[in-house]
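Shown next, in structure tokens, is the structure this report addresses.
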Amino acid sequence: MSVFASHVMEGIDPEFSRKVQKGDIIVAGKNFGCGSSREQAPLALKYAGVSCVVAESFARIFFRNAINVGLPIIEARIDCTEGDNIEIDLEKGIVKNNEKTYSATKMPDFLRKYLQMVGLWNTAKR
């Protein structure tokens, strides 16, 4: 999977895989993940160190694949610039940035629990 991680987001930013650090959050616009119909897209982000993706909306297949592989995602429109310190509360459905709190689309409890279990399962397998 490290091969995919080394090429993640390459079409948008060829340096992304070298700049991303463990725990980083991607903030995006509408329909994030459009065109990625395989689990490798969210897996590559996860293995590159991305801890969560915040977007106005997600492509349906990317959304499901992210849940399936344990990559946290949340739908919200926020104002930010690269390097901001963003805090996410998936359970409450809020995103904080620069002392401002944004309402997000709260993930249904059953999906959030599944997302957590996938992460726990993958940790246990290692």
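The values are calculated or read from the model by the stated rules, or taken from the named source; none is laboratory data. Everything numeric here is computed off the predicted structure, so don't read it as measured data. Counting neighbours? That spans all protein chains shown, and the Cβs are built from the backbone with ideal geometry, glycine included. Heavy atoms of the whole protein, side chains included, go into the accessibility calculation; ligands, DNA and RNA do not. Shrake-Rupley method; radii C 1.70, N 1.55, O 1.52, S 1.80 Å.
Number of residues in the range 81-91 that are at pLDDT 95 or above and surrounded by 16 or more Cβ atoms within 10 Å (Cβ to Cβ) equals 2. Taken together, I25, I78 contain a single residue that is touching a residue at least 40 places away in the same chain (Cβ under 8 Å), crowded, with 19+ Cβ neighbours inside 10 Å, in contact with a strand residue (DSSP E or B) (Cβ under 9 Å, 6 or more places away or on another chain) and within 26 Å of F4 (Cα to Cα), which is I25.
What are the residues in the range 12-36 that are over 24 Å from A76 (Cβ atoms) and not in a helix (DSSP H, G or I), if any?
Within the range 12-36, P14, E15 meet the criteria.
Considering V95, V53, the condition of being part of a strand (DSSP E or B) and within 17 Å of Q21 (Cβ to Cβ) is satisfied by V53 alone. Annotation note: Cβ proximity below 8 Å between a residue of the range 104-119 that is part of a helix (DSSP H, G or I) and a residue that is open to solvent by 100 Å² or more (accessible area, probe 1.4 Å) and of a type outside the set (D, E) (sequence gap 6+ or interchain) occurs for no pair.
Here L45 fulfils each of the conditions (1) crowded, with 17+ Cβ neighbours inside 10 Å; (2) farther than 24 Å from Y114 by Cβ; (3) modelled with pLDDT of 95 or more apart from (2).
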